[in-house]
1. I'm told G304 meets every condition in (1) farther than 24 Å from T158 by Cβ; (2) in contact with a Lys or Arg (Cβ under 6 Å, 6 or more places away or on another chain) except one. Can you identify the failing condition by its number?
2. With the requirement that a residue be open to solvent by 10 Å² or more (accessible area, probe 1.4 Å) and either of a type in the set (S, T, Y) or more than 20 Å from R327 (Cβ to Cβ) (or both), what does the stretch 158-177 give you?
3. So, of the residues in the stretch 86-96 that are among the aliphatic types (A, V, I, L, M) and more than 13 Å from E40 (Cβ to Cβ), which turns out to be least open to solvent (accessible area, probe 1.4 Å)?
4. Take the residues in the stretch 229-244 that are surrounded by 21 or more Cβ atoms within 10 Å (Cβ to Cβ) and within 11 Å of the ligand (Cβ to nearest atom), then tell me which one is nearest to L274 (Cα to Cα).
5. Assuming P192 fulfils every condition listed in (1) of a type outside the set (A, V, I, L, M, F, W, C); (2) at pLDDT 95 or above; (3) under 19 Å from L228 (Cα atoms) apart from one, which condition is it?
6. Are any of the residues in the stretch 243-258 out of contact with any Lys or Arg (no Cβ under 8 Å at 6 or more places or on another chain) and closer than 20 Å to E171 by Cα?
7. Name every residue in the stretch 297-316 that is closer than 14 Å to F249 by Cβ and assigned to a helix (DSSP H, G or I), in order of residue number.
8. What single numbered condition from (1) within 17 Å of the chain's Cα centre (by Cα); (2) open to solvent by 10 Å² or more (accessible area, probe 1.4 Å); (3) at pLDDT 95 or above; (4) under 29 Å from T43 (Cβ atoms) fails to hold for A103?
Amino acid sequence: MPLYLDPEELRHQAPGPHLDLIGAMAFRAAGAAQRLGIFEALTAGPLSAAELAARTGTDPGTLPVLLDGLVSLGYLDRGPEAVYANSLMTASSLDRRDPWSYAPALAFWSDLLGELWDGLEETVRTGKPQADFYTWLEGRPRTLRDFQTMLDGMAVGTAPLVAETAPDPGERLLDLGGGHARHTIAFCQVHPRLTATIVDLPGAVEGGRARIEEAGLGERVTLVPGDLATADLGTGHDTALLFNVCHGFDAAANRALLGRVAAALRPGGTLLVLETFADLPEGTPPVVEAFLRSFGLNLAVTQGGRLHSFADVAGWLAEAGFVHVERRRLAGPDELLVATTGEEG
Ligand SMILES: C[S@@+](CC[C@H](N)C(=O)[O-])C[C@H]1O[C@@H](n2cnc3c(N)ncnc32)[C@H](O)[C@@H]1O
């Protein structure tokens, strides 16, 4: 929503909440436009409301209400003949053909907020999540695809950096919750002798399988569909990756998982945890912090997770038998925790 505060205009209108209200409506309207196929229909060129209604199967009397709203919110432009076109912002950020497209994120968050945030008050009252996020996701193939595409898009930039700066992973890598495979691929590309096993939920590993084949790594990477709480993680791995997984679980589930990870590593093996910790790095910009604190709320309401502090994760690691825990800053709020299992296993 490319709208800026006009202090004079908003002086008497509780500017923060009023802009939040517009933002909430804008987000809902943009999600609806995307689901109805409006932005996609306009990628080939401008159309009148009547043409758009025919293409998208929508009501020609009501569609212009949405279209004019989207014009005022910056998503569409309206020409003199009441012809609509994607705005520059929409064309440059919501085209699914673009690998950096925000379209999967908009679609995913729109579904999630629309369906799973209803019980926020109840979660804060009782401490209980309102849903099991991954069960909900597995039952919604389109949202699941958007979620994994969004994660993959986020990992495209960070994966090579992490793989290059992480300690030498040895020869056997275990990537827990690494379904989209981008991190495993980056590690395999940096370390030609590495073989890897990825464990993730069945729906998540499907996208990863295609990327692994595309990268020509089919012989070196094994995909194991399963639940991290029960799947066979194997033994004797040199390095395990636990990237952006701990925040989805509460303390008890993390303790149990880290115990299983310790058992799957060889004595002296390495665990790399990539996370945004609740104690954010100094200098985190306010807009990044605002997103991350809201993301923490999302974790609480949809899956009983949260952003954990570094000290909490380090404490669980010590209980699980890890002997050395180091915190390394990466670009932005992501951080890498490097831990080693004791030589006795
Ligand atoms: C936030 S994503 C992180 C993906 C990837 N590791 C990364 O950093 O980009 C969490 C991943 O953990 C997987 N996951 C969550 N709960 C799981 C469970 N109980 N068993 C297996 N995988 C799980 C999800 O399917 C998802 O791929």
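1. Unmet condition: (2).
2. If the condition is that a residue be open to solvent by 10 Å² or more (accessible area, probe 1.4 Å) and either of a type in the set (S, T, Y) or more than 20 Å from R327 (Cβ to Cβ) (or both), then T158, P160, T165, G170, E171, R172, G177 are the ones that fit.
3. Only one residue fits best here, namely M89.
4. Taking the stretch 229-244 as the starting set, the residues that turn out to be surrounded by 21 or more Cβ atoms within 10 Å (Cβ to Cβ) are 237, 239-243.
Cutting the leftovers down to within 11 Å of the ligand (Cβ to nearest atom) gives us 241-243.
Numbers: L241: 8, L242: 6, F243: 4 Å.
Ranking the qualifying residues of the stretch 229-244, first place goes to F243.
5. All conditions pass for P192, except number (3).
6. Checking the stretch 243-258: at least one residue is out of contact with any Lys or Arg (no Cβ under 8 Å at 6 or more places or on another chain) and closer than 20 Å to E171 by Cα.
7. Listed by number, the residues that qualify are L299, A300, T302, Q303, D312, V313, W316.
8. (2)
The values are calculated or read from the model by the stated rules, or taken from the named source; none is laboratory data. Quantities reported herein were computed from a predicted structural model and do not represent experimental measurements. Note that we place each Cβ from the backbone using ideal geometry, even for glycine, and neighbour counts take in every protein chain shown. Accessible surface areas use protein heavy atoms only, side chains included; no ligands, DNA or RNA. Shrake-Rupley method; radii C 1.70, N 1.55, O 1.52, S 1.80 Å.
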